[in-house]
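The values are calculated or read from the model by the stated rules, or taken from the named source; none is laboratory data. Nothing here was measured: the structure is a model prediction, and the numbers come from that model. When we count neighbours, we look across all protein chains shown, and the Cβ atoms used for this are built from the backbone with ideal geometry, even at glycine. These area figures cover heavy atoms from the full protein model, side chains too; ligands, DNA and RNA do not enter into them. Shrake-Rupley method; radii C 1.70, N 1.55, O 1.52, S 1.80 Å.
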Amino acid sequence: IPPEGIHLLQQQHTDIISTVEFNHTGELLATGDKGGRVVIFQREQESKNQPHRRGEYNVYSTFQSHEPEFDYLKSLEIEEKINKIRWLPQQNAAYFLLSTNDKTVKLWKVSERGRRPEGYNLKDDDGRIRDPSTITMLRVPVLQPMDLMVEATPRRVFSNAHTYHINSISVNSDYETYMSADDLRINLWNLEITNRSFNIVDIKPANMEELTEVITAAEFHPNQCNTFVYSSSKGTIRLCDMRAAALCDKHSKFFEEPEDPSNRSFFSEIISSISDVKFSHSGRYMMTRDYLTVKVWDLNMESRPLETYQVHDYLRSKLCSLYENDCIFDKFECVWNGSDSVIMTGSYNNFFRMFDRNTKRDVTLEASRENSKPRAILKPRKVCVGGKRRKDEISVDSLDFSKKILHSAWHPSENIIAVAATNNLYIFQDKVN
């Protein structure tokens with residue numbers, strides 16, 4: 001956490017944002033929204049006249065990724081909302097990304113066109129076919145510069161493989177395959193093959209009345225292409241090795257923290273459900289987010305987490321009202337910074353939390369329009385629980401539970417973060433001179 005503070009770089013107003021993701025270089029930032037659109041922002045290049053402009057993200061491309069559909073067999077509407085976006089590493093001048101709604105994953109190619117061919121022999125500049133008898137000489141067509149166009153084209157559509165709603169997609173480190181996970185199954189796809197996928201995890205019981213848990217998130221290891229993890233609504237994480245068997249129903253490692261009997265309550269099971277799991281960039285650790293905490297696990301120690309950070313422990317006494325208004329089922333994401341030393345996750349009232357793993361310092365910051373003038377330093381916020389409230393503190397009873405930060409992303413190498421607060425995208429960076 002930069003000691004000199006974090007300031008707002010910019011703010012974008014859009015439809016309700018449902019996912020945020022930087023590409024591998026951090027030059028592009030993609031957001032998906034409830035209306036099925038993907039908006040890609042590109043970082044400004046630094047200019048000598050305006051050195052402070054470096055870092056601003058401008059809209060690069062907007063396209064409709066998914067449309068609302070109707071499943072006639074089940075009489076179900078399929079929402080167009082984008083659940084996840086994942087970038088593929090850049091291999092050439094074009095960019096590729098995977099986006100998914102509840103049922104269908106699509107591979108999109110985003111490319112630039114800055115030139116157009118002119119001087120054809122058999123047609124004129126308007127595209128009309130010329131009379132062959134009027135052609136007296138052979139011309140060599142040339143490429144003329146034109147206004148830059150950014151085109152998004154769907155290259156692959158991976159459909160009809162999920163009975164339940166897709167909650168995660170993850171690209172493998174071999175960059176040839178990826179997986180998609182729904183509530184009960186995980187499928188493995190080749191990026192080139194759309195009509196066939198392999199089922200690698202299936203936790204569906206023969207009798208659905210015996211169903212006790214669902215898959216909540218899944219991710220591939222960043223550098224071991226055979227390893228992946230998935231988390232469950234029971235608060236457990238399973239690590240699987242695809243070398244062991246074709247169907248990975250038998251896990252290699254099982255991560256679970258024993259429950260403290262003194263904290264047992266009616267809500268224990270609900271709040272222990274894991275909403276997100278993320279490997280560290282190094283591949284040594286993984287982080288999980290449940291309703292009240294974020295935990296860091298060492299992959300070599302299954303018995304308990306290495307570190308546990310309280311995100312909003314002051315809500316423990318409010319679980320009853322959070323259950324009444326369904327907020328207790330909110331799915332918060334968590335992210336690592338580029339060096340795995342700081343972790344970030346969201347909370348209510350447009351607050352988001354950062355935890356420094358080395359210094360054990362933590363900070364609560366707010367992403368809101370009222371206190372976010374561009375380049376304004378964010379003031380740390382404090383929540384007071386009962387007793388006397390200090391001037392700069394906010395009472396737990398006056399928190400706005402309709403304002404929540406579920407989705408966020410951290411630049412892969414710099415201290416730039418993107419935070420989605422309902423229908424506003426905030427981009428913050430650490431203070432620059």
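So, Ser402, is that one out of contact with any Leu (no Cβ under 8 Å at 6 or more places or on another chain), surrounded by fewer than 22 Cβ atoms within 10 Å (Cβ to Cβ), touching a residue at least 40 places away in the same chain (Cβ under 8 Å) and in a loop (DSSP other than H, G, I, E, B) or not?
no
Taking the condition under 23 Å from the mean Cα position of the chain (by Cα) and of a type in the set (Asp, Glu), does Asp326 pass? Give the derivation first.
Working: under 23 Å from the mean Cα position of the chain (by Cα): yes; of a type in the set (Asp, Glu): yes.
For Asp326, the condition - under 23 Å from the mean Cα position of the chain (by Cα) and of a type in the set (Asp, Glu) - is met.
Kindly establish whether Arg375 is open to solvent by 80 Å² or more (accessible area, probe 1.4 Å), out of contact with any Phe, Trp or Tyr (no Cβ under 6 Å at 6 or more places or on another chain) and of a type in the set (Lys, Arg). Step through it out loud before you land on a result.
Numbers: open to solvent by 80 Å² or more (accessible area, probe 1.4 Å): yes; out of contact with any Phe, Trp or Tyr (no Cβ under 6 Å at 6 or more places or on another chain): yes; of a type in the set (Lys, Arg): yes.
Against the criterion (open to solvent by 80 Å² or more (accessible area, probe 1.4 Å), out of contact with any Phe, Trp or Tyr (no Cβ under 6 Å at 6 or more places or on another chain) and of a type in the set (Lys, Arg)), Arg375 qualifies.
Restricting to the range 314-359, and then to whatever is open to solvent by less than 70 Å² (accessible area, probe 1.4 Å) and of a type in the set (Asp, Glu), can you tell me which residue is nearest to Met286 (Cα to Cα)? If you could, list the steps in order and put the result at the bottom.
If we filter the range 314-359 for residues that are open to solvent by less than 70 Å² (accessible area, probe 1.4 Å), which is where we start, we get 314-315, 318-319, 321-322, 327-328, 330, 332-338, 340-357.
Cutting the leftovers down to of a type in the set (Asp, Glu) gives us 330, 333, 340, 356.
On the way: Asp330: 21, Glu333: 13, Asp340: 10, Asp356: 15 Å.
Of everything passing the filter in the range 314-359, Asp340 is nearest to Met286 (Cα to Cα).
Could you tell me how many of the residues in the range 269-292 are surrounded by fewer than 19 Cβ atoms within 10 Å (Cβ to Cβ), more than 17 Å from Gln224 (Cα to Cα) and in contact with a Gly (Cβ under 9 Å, 6 or more places away or on another chain)?
Final tally of qualifying residues: 1.
Only one residue in Asn199, Asn223 is in contact (Cβ under 8 Å) with a residue 12 or more places away in the chain and either small (Gly, Ala, Ser) or in a strand (DSSP E or B) (or both), so which one is that? Full working, then the answer.
Details: Asn223 fails: either small (Gly, Ala, Ser) or in a strand (DSSP E or B) (or both).
Answer to the selection: Asn199.
Could you check Lys106 against (1) free of Cβ contacts under 8 Å to residues at least 40 places away in the same chain; (2) outside any loop (DSSP other than H, G, I, E, B); (3) under 24 Å from the mean Cα position of the chain (by Cα) and say which number it fails?
Exception for Lys106: condition (1).
Just name the residue that is surrounded by the fewest Cβ atoms within 10 Å (Cβ to Cβ) out of those in the range 405-433 that are among the hydroxyl-bearing types (Ser, Thr, Tyr) and under 30 Å from Tyr323 (Cα atoms). Break it down into steps so the answer makes sense when it comes.
Residues of the range 405-433 among the hydroxyl-bearing types (Ser, Thr, Tyr): 408, 413, 422, 426.
Filter once more, so that each one left must be under 30 Å from Tyr323 (Cα atoms): 408, 422, 426.
Values: Ser408: 21, Thr422: 17, Tyr426: 25.
Out of the qualifying residues, it is Thr422.
Looking at this structure, is Arg381 farther than 23 Å from Met287 by Cα, among the basic types (Lys, Arg), open to solvent by 80 Å² or more (accessible area, probe 1.4 Å) and in contact with a strand residue (DSSP E or B) (Cβ under 8 Å, 6 or more places away or on another chain)?
no
Considering only residues of the range 344-380 that are within 16 Å of Leu399 (Cβ to Cβ), among the small types (Gly, Ala, Ser) and in a loop (DSSP other than H, G, I, E, B), which is modelled with the highest pLDDT?
Looking at residues that are within 16 Å of Leu399 (Cβ to Cβ), among the small types (Gly, Ala, Ser) and in a loop (DSSP other than H, G, I, E, B), I get Ser347.
Which residues, counting only those in the range 109-158, are assigned to a strand (DSSP E or B) and basic (Lys, Arg)?
Lys109, Arg113, Arg115, Arg116, Lys123, Arg155, Arg156
Check Leu239, Leu188 and return the single one that is touching a Lys or Arg at 6+ places or on another chain (Cβ under 6 Å), surrounded by 12 or more Cβ atoms within 10 Å (Cβ to Cβ) and modelled with pLDDT of 95 or more.
Working: Leu188 fails: touching a Lys or Arg at 6+ places or on another chain (Cβ under 6 Å).
Sole residue among the options that is touching a Lys or Arg at 6+ places or on another chain (Cβ under 6 Å), surrounded by 12 or more Cβ atoms within 10 Å (Cβ to Cβ) and modelled with pLDDT of 95 or more: Leu239.
Residues in the range 125-155 that are of a type in the set (D, E, K, R) and surrounded by 10 or more Cβ atoms within 10 Å (Cβ to Cβ): how many? Give the derivation first.
Let us first name the residues in the range 125-155 that are of a type in the set (D, E, K, R), namely 125-126, 128, 130-131, 139, 147, 151, 155.
Now drop any that are not surrounded by 10 or more Cβ atoms within 10 Å (Cβ to Cβ), which leaves 130, 139, 151, 155.
Here the count works out to 4.
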